[in-house]
Amino acid sequence: MVPLTYIRSIVIRGFGRGSRELGCPTANVDNINHLTIPTGIYCGLAQIVVRSASEVQQDPNYPDAYKDVISKLPYTTEVKGMVCSFGFNPHYENTERSLEVHILDNLGFDFYGAELRVLICEKMRDEKKYESLEALKQDIANDICYAKSVTVNFQHHVFNSNYFLKP
Ligand code: ADP
Ligand code: MG
């Protein structure tokens, strides 16, 4: 069992591979150096929190690169199921760990610069190196299918915790 792990951070730009190569957008999250969980594929819950443009403009810790986009984002507080990969993406041989979160819903908009609150609830498997992109895509499809079937069981955390912004 993996202990519940909570991460709260800004969505940053990655290599753009998720949507383009894999057909599965993954929100890349900043500030993960402190994470002590093993690398792997996990599922849980995520909430996109859009702070007001005026609040962000005055925040010295908020990255300048994202200050302009925030005012264009739709306001949402719904907590949704997510599947994520945490690690080196062996297929791409990254040299640094990344946390990439796929929200299990068709959102239809980008949310770079928004805050993402992520609750990791269950480890699904280890990371793998693949023979082909097709094999990787097949595993992603299986992971999404499994995650959709279990994340409904995590919804009690939405009400019984302070992890998420209340609607
Ligand atoms: P990047 O390499 O910049 O992370 P991706 O191709 O992985 O690019 O796309 C990720 C971006 O797509 C996210 O940062 C977010 O703004 C957007 N996006 C749209 N829908 C989703 C979704 N369901 N899950 C995750 N990200 C999504
Ligand atoms: Mg990504």
Connecting every pair of Cα atoms under 10 Å apart in the chain and solving the GNM, the largest mean-square fluctuation among PHE15, PHE154, PHE88 falls on PHE15
Taking Cα atoms only, helix 133-150 is inclined relative to the longest principal axis of the chain by an angle, in degrees rounded to 10, of 60
Taking placed amide H atoms and a strict 5 Å upper bound, the residues 5 or more places from ALA114 or on another chain that come that close are VAL11
Taking Rh as the Kirkwood radius computed over alpha-carbon pairs of the stretch 1-67 and applying Stokes-Einstein at 25 °C with viscosity 0.890 mPa s, one gets a diffusion coefficient in µm² s⁻¹ of 169
Proxy exposure order for MET124, MET82 (fewest C-beta within 10 Å first) is MET124, MET82
Restricting to Cα pairs under 8 Å and 6 or more apart, the percent relative contact order of the chain works out to 34
Simple SL model, points at 7 angstrom along Cα→Cβ for TYR130 and ARG20; separation in nm is 1.7
Excluding near-sequence neighbours (fewer than 8 apart on one chain), the chain holds lysine pairs with C-alpha atoms under 15 Å apart numbering 5
Evaluated at 10 °C and 1.306 mPa s, the Stokes-Einstein D of the chain based on the Kirkwood radius over Cα pairs, in µm²/s, stands at 97
Going fewest to most other Cβ atoms within 10 Å around each Cβ, THR151, THR77, THR36 line up as THR36, THR77, THR151
Env charge @ ILE37, Cβ radius under 15 Å, K,R +1 / D,E -1, value -1
Within the under-11-Å Cβ sphere about ARG125, not counting ARG125, Lys/Arg +1 and Asp/Glu -1 give a net charge of -3
Counting Lys and Arg as +1 and Asp and Glu as -1 over every other residue whose Cβ sits under 15 Å from the Cβ of ASN89, the net charge comes to -1
Computed over the Cα atoms of the stretch 38-89, the Rg and Dmax in Å are 14.6, 38
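Every number in this text was worked out from the coordinates using simple rules, so none of it is lab data. None of these values were measured; they are calculated from a predicted model. All Cβ positions, glycine included, derive from the backbone under ideal geometry; neighbour counts span all protein chains shown.
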